[in-house]
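Asker: This is the structure, below, for whatever I ask next.
The values are calculated or read from the model by the stated rules, or taken from the named source; none is laboratory data. This one's a predicted model, so the numbers in the text were calculated from it and none came from an experiment. With ideal geometry, Cβ positions are generated from the backbone for all residues, glycine too; neighbour counts draw on all protein chains shown. Side chains included, ligands, DNA and RNA excluded: accessible areas come from the protein's heavy atoms. Shrake-Rupley method; radii C 1.70, N 1.55, O 1.52, S 1.80 Å.
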Amino acid sequence: MLEVQIVLGDRLVHKAVVSKNRITVGRSDENDVVLPDKFVSRLHCVIEKQDGKFILSDQSANGTYVDKTRVEKTIPLPLKCSIGIYPYVLNCTFHPDESTAPIETARGRFVALPSRPEAPSAATVQYYFGLLVGDSPAMQAVYTVIRKMADSTATVLIQGENGTGKELVAKAIHQSGNRRERPFIAINCAAIPDALIESELFGYEKGAFTGAAGSKKGRFEEADGGMILLDEIAELSPPAQAKLLRFLQDRTLTRLGGAKSLTVDVRVLAATNQDLEAAVRENRFRSDLYFRIRVVQIALPPLRERKEDLPLLIRHLLQKLAAEERLPGPPILTEPARTRLTAYDWPGNIRQLENVLYSAMVASQPPHPIEESHLDLQTGLYPAAASTPAAQPGGTGFDETAKQTLLSVMERFGWNTARAAEALKVSRGTIYYKLKKFKIKIKTRTRP
């Protein structure tokens, strides 16, 4: 006889007693224990009573874990154990002698669905607009702005440091507004060479330049009826800024090499990690374009200014990484590791937090817990020590450290940006952005 409690996340979703010598577990309705989730195989595992002992046979694609150890084909089960079938955990007690078993609460087949809505615990992750995580006052203010202007046609400027989630905010605006069924296109202006930015945004006609064998729509045309995000808009060249300004004034464009004006209905969102007012004062950004794009402004707080959101973000990211790696459940953090994570200032914000957690998860070799020793806070373009807010990006010391780190890695990998991005655990676009920011000229690759 099996006495089982089925846990999903922080919730006890079912408990029962099954009195059978052979118990099947899986997603299919034909099983004795039905776990309705896409990560669960139709027949995930079988538990059989043999000679007074209980044997588990794994039949799954994603794996079955007993007390956090993956099962290789079959394994004898202890009388008390936890069976991990991602995203569920089955806390089991077996009773070889049914005379000592508890009073049964159920017999035969059952489906692991909550019988009533559960009150969320303090650790439950709540997703705002299906994407954003955080309950801090600073994030609540961001959510309020998104709700108020979701259906508007106004241009929005999203400002925040690298890794704060500017693109997620843009997607939240799109998904919560009346254009949600139309295209959403994001462009990293820093990753497109100046010579190509105009044709990328506005398209080109056949013969406009060498190699233009046919006409091509630009990204604005592709986003017709929907929204377009111009990420790192401060990196646009002066000619591209002028053409963008003209488009924002009347929503018409002319393809490169063309003569016909096209009208496009698209809502423009812009994002940057730079102080555009300072860029205007320094004549690096057009003042008329600045006032065109900041009709509505959203300032995203850095992670160090909303540390109360760290437990929720850590939980969310561990769940995400576990799903990507097809683990039976999120990795467990030891208390020293959790304390270290919540004490750190995260100059690289959420992107750095995710990279550190991923690296720690690999180092810990799940299902073993993540220890403090697994946390590598010295990787990437960020200093190892937790800084005070005054020493964050924008300060000379921080930028110089990041610049020297980037130069060292680029030299080590022969100026191969793909390998440098992999080593630093950042995107390739971030590498190009940092090279441009620090005015580092890309050298010819010396080896693959």
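Asker: Given the conditions (1) more than 13 Å from Ala271 (Cβ to Cβ); (2) touching a strand residue (DSSP E or B) at 6+ places or on another chain (Cβ under 6 Å); (3) part of a helix (DSSP H, G or I), and given that Ala154 satisfies all but one, which numbered condition is not satisfied?
Answerer: Result: Ala154 passes all but (3).
Asker: While we're on this one: Can you work out which of the residues in the stretch 216-226 that are open to solvent by 20 Å² or more (accessible area, probe 1.4 Å) and touching a Gly at 6+ places or on another chain (Cβ under 7 Å) is farthest from Asn273 (Cα to Cα)?
Answerer: The extreme case among them is Lys216.
Asker: Give the residue, chosen from Arg340, Arg351, Arg315, that is open to solvent by 10 Å² or more (accessible area, probe 1.4 Å), assigned to a helix (DSSP H, G or I), charged (D, E, K, R) and touching a helix residue (DSSP H, G or I) at 6+ places or on another chain (Cβ under 6 Å).
Answerer: Result of the check over Arg340, Arg351, Arg315: Arg340.
Residue-by-condition table, conditions (1) more than 32 Å from the chain's Cα centre (by Cα); (2) without any contact (Cβ under 8 Å) to a residue 40 or more places away in the chain; (3) part of a strand (DSSP E or B); (4) exposed (fewer than 14 other Cβ atoms within 10 Å of the Cβ):
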position	(1), (2), (3), (4)
Ile228	no, no, yes, no
Ala234	no, no, no, no
Leu262	yes, no, yes, no
Leu269	no, no, yes, no
Asn283	yes, yes, no, yes
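Asker: Gln50: within 24 Å of Glu325 (Cα to Cα) and out of contact with any Phe, Trp or Tyr (no Cβ under 6 Å at 6 or more places or on another chain), yes or no?
Answerer: Answer is no for this residue.
Asker: Do we have Ala213 as farther than 24 Å from Gln175 by Cα, part of a helix (DSSP H, G or I) and open to solvent by 10 Å² or more (accessible area, probe 1.4 Å) here?
Answerer: No.
Asker: For the stretch 29-43, check the following and say yes or no: at least one residue is touching a His at 6+ places or on another chain (Cβ under 9 Å), in a loop (DSSP other than H, G, I, E, B) and closer than 21 Å to Ala322 by Cβ.
Answerer: Looking through the stretch 29-43, at least one residue is touching a His at 6+ places or on another chain (Cβ under 9 Å), in a loop (DSSP other than H, G, I, E, B) and closer than 21 Å to Ala322 by Cβ.
Asker: Suppose we keep only residues that are surrounded by fewer than 14 Cβ atoms within 10 Å (Cβ to Cβ) and in a helix (DSSP H, G or I) within the stretch 195-210. Which one would you say is nearest to the chain's Cα centre (by Cα)?
Answerer: In this case the residue turns out to be Leu196.
Asker: Sort through Asn178, Asn162 and tell me the only one that's under 27 Å from Ile431 (Cβ atoms), within 33 Å of the chain's Cα centre (by Cα) and not in a helix (DSSP H, G or I).
Answerer: Testing whether each residue is under 27 Å from Ile431 (Cβ atoms), within 33 Å of the chain's Cα centre (by Cα) and not in a helix (DSSP H, G or I) leaves just Asn162.
Asker: Can I ask one more? Which of the residues that make up the stretch 17-62 are among the small types (Gly, Ala, Ser), surrounded by fewer than 19 Cβ atoms within 10 Å (Cβ to Cβ) and more than 24 Å from Ile332 (Cα to Cα)?
Answerer: Within the stretch 17-62, Ser19, Ser28, Gly52, Ser57 qualify.
Asker: Residues in the stretch 389-400: is at least one at pLDDT 65 or above and out of contact with any Asp or Glu (no Cβ under 6 Å at 6 or more places or on another chain)?
Answerer: yes
Asker: Pairs only if they're at least six apart or on different chains, beta carbon under 7 angstrom, first in the stretch 434-448 and within 11 Å of Asn416 (Cβ to Cβ), second at pLDDT 65 or above and part of a helix (DSSP H, G or I); list them, first residue then second.
Answerer: Pairs that qualify, where the first residue is within 11 Å of Asn416 (Cβ to Cβ) and the partner is at pLDDT 65 or above and part of a helix (DSSP H, G or I), are Ile442/Leu435.
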